[in-house]
Amino acid sequence: MEGCLANLVKYTLFLTNLLIFVLGLVTLGFGIWVVVDKPSFLDLFTEAQDVINADTDINTDSFDLGIYAGAPILLIVVAVLVSIIAFFGCFGAMKESKCLLITYFIIVLSIFIAFIVGAVLVYQGGLDDQVKQPLIASMQYYKDQPTEKVDKSFKAIWNTVQEELRCCGVNNATDWTLATNADWEGNAVKPEGCCEWTRGQDEENSAEQILECRKHSFDAASYDIYYYKGCYTLIVDEIEKHQSKIFGAAIGTAVVMFVSLLFSFAMCTMAD
């Protein structure tokens, strides 16, 4: 291969694969971080299923969170695979090996197609059906003064999630009216996890403040005082807030992969 065009193709392919390699390493680090610091919201979903299974005859097999819980593992696997392939893409470009370039082209084309299909499937995913509904269904079995192990675990994880995320219920605090058999302590109407914090206050609430909050009504004014926004609503709002950045990153990755496909094909046609 000789000439300016050949060198342009060669070094462009090298640089695009170097970029993919770096992005793959960053994605790998993010996936490992998510696995190590597993969101308690996923634990809450598991506990909700256990409560439903223990207290009712409802079949929870249709409430499958596997695709969401397993996403970090899939992210790590794909990141490692993409990084390795990008490394060999760089190597193939510099060595001008037709065999390596053809192999690279086929693999990247397969990943590119899978990437597009996966993006479509995620976009069409039913978070409301898979996550929101089983959580709401399980709330009626919440026990504020539990005696059974599964009920104690369910109470603990709900309070942990609400305290960590500063939220209350699934949609909002009024969801706790579904807990008709909660046997609330001290005339409370919601768990203590909803009341660990008050808006505009840096320190956690005292025991007296928590009890006052737990007894507080669900009127609109209370949302300006306490964190009564639902946990599910909070997470969805955060996703929507950053979805343009996520979408932009996904489009950027797809464009880089497509450019790599074009230049690897060009090098294949020019290689000896």
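The values are calculated or read from the model by the stated rules, or taken from the named source; none is laboratory data. Predicted model, so just to flag it, every value in this text is computed and none were measured. Note that we place each Cβ from the backbone using ideal geometry, even for glycine, and neighbour counts take in every protein chain shown.
Points worth noting:
- For residue 62: the one exception among (1) of a type in the set (Gly, Ala, Ser); (2) at pLDDT 65 or above; (3) assigned to a loop (DSSP other than H, G, I, E, B): (2)
- Qualifying residue in the stretch 163-179 (condition: at pLDDT below 85, within 21 Å of the chain's Cα centre (by Cα) and either surrounded by fewer than 16 Cβ atoms within 10 Å (Cβ to Cβ) or not in a helix (DSSP H, G or I) (or both)): yes
- None of 211, 234 is surrounded by 16 or more Cβ atoms within 10 Å (Cβ to Cβ) and under 16 Å from residue 171 (Cβ atoms) except 234.
- Qualifying residue in the stretch 184-193 (condition: in contact with a helix residue (DSSP H, G or I) (Cβ under 9 Å, 6 or more places away or on another chain) and modelled with pLDDT under 85): yes
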